[in-house]
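Chemist: Got a structure for you, written out below as structure tokens; questions coming shortly.
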């Protein structure tokens, strides 16, 4: 087991079979060794730095009906909410005062958050704080939308990649087209 853990630590890769052996045969001692190796790798690349990210759930309203998702459109038990521009800005102002320099806006595919509104929020924040990063995670959008948000000052866009299998995609997203 140590051979596999060392190989993973050095090469950052295991075959499917090696990974299955590792995951199904770990003893407590092996697990501790794996944790130690992971700590060494993390320290090598990141040192003792801790990165704080202010995750702001701006909406749980979503037009999609993905079967696995708790905020899917057909979930009648979800207590729906949507933050206003002012509430989002206030979260960021407060977070900045607490030392946060990266903010992540996350939510469902809520058409309320148009490119224009997001651009306004991003430009307001970037105008006030030149040392922040903004990541968006608001579902699938078009190429032009990504471009506009980037040009407004968004630094990153977190887009989930679920599958390349068209049949599985249609099963997961019965009301979406490719």
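The values are calculated or read from the model by the stated rules, or taken from the named source; none is laboratory data. Since we're looking at a predicted model, the values are computed, not measured. Cβ: placed from backbone, ideal geometry, glycine included. Neighbour counts: every protein chain shown.
Chemist: Can you go through 19, 55, 14, 26 and tell me which one is more than 28 Å from residue 174 (Cα to Cα) and modelled with pLDDT of 95 or more?
Modeler: Of 19, 55, 14, 26, the one residue that is more than 28 Å from residue 174 (Cα to Cα) and modelled with pLDDT of 95 or more is 55.
Chemist: Among the residues of region 66-75, is any in contact with a helix residue (DSSP H, G or I) (Cβ under 7 Å, 6 or more places away or on another chain) and either closer than 24 Å to residue 144 by Cβ or surrounded by 14 or more Cβ atoms within 10 Å (Cβ to Cβ) (or both)?
Modeler: Within region 66-75, one or more residues are in contact with a helix residue (DSSP H, G or I) (Cβ under 7 Å, 6 or more places away or on another chain) and either closer than 24 Å to residue 144 by Cβ or surrounded by 14 or more Cβ atoms within 10 Å (Cβ to Cβ) (or both).
Chemist: Pick from region 107-119 the residues that are buried (at least 16 other Cβ atoms within 10 Å of the Cβ) and over 16 Å from residue 90 (Cα atoms): which of them is nearest to the chain's Cα centre (by Cα)?
Modeler: That would be 107.
Chemist: Looking only at region 1-57, which residues are under 30 Å from residue 90 (Cβ atoms) and either touching a residue at least 24 places away in the same chain (Cβ under 8 Å) or in contact with a helix residue (DSSP H, G or I) (Cβ under 9 Å, 6 or more places away or on another chain) (or both)?
Modeler: Of everything in region 1-57, those that are under 30 Å from residue 90 (Cβ atoms) and either touching a residue at least 24 places away in the same chain (Cβ under 8 Å) or in contact with a helix residue (DSSP H, G or I) (Cβ under 9 Å, 6 or more places away or on another chain) (or both) turn out to be 51, 52, 53, 54, 55, 56, 57.
Chemist: Quick check, is residue 122 in a strand (DSSP E or B) and either surrounded by 14 or more Cβ atoms within 10 Å (Cβ to Cβ) or without any contact (Cβ under 8 Å) to a residue 60 or more places away in the chain (or both)?
Modeler: No; evaluated as a whole, the condition is false for this residue.
Chemist: Based on what the data block shows, is residue 68 in contact (Cβ under 8 Å) with a residue 40 or more places away in the chain and assigned by TED's automatic domain parsing to the domain that holds residue 147?
Modeler: Here the answer is yes, as residue 68 does meet what is asked.
Chemist: Taking residue 138, is it in contact (Cβ under 8 Å) with a residue 12 or more places away in the chain, in contact with a helix residue (DSSP H, G or I) (Cβ under 9 Å, 6 or more places away or on another chain) and closer than 26 Å to residue 66 by Cβ?
Modeler: Yes, satisfied.
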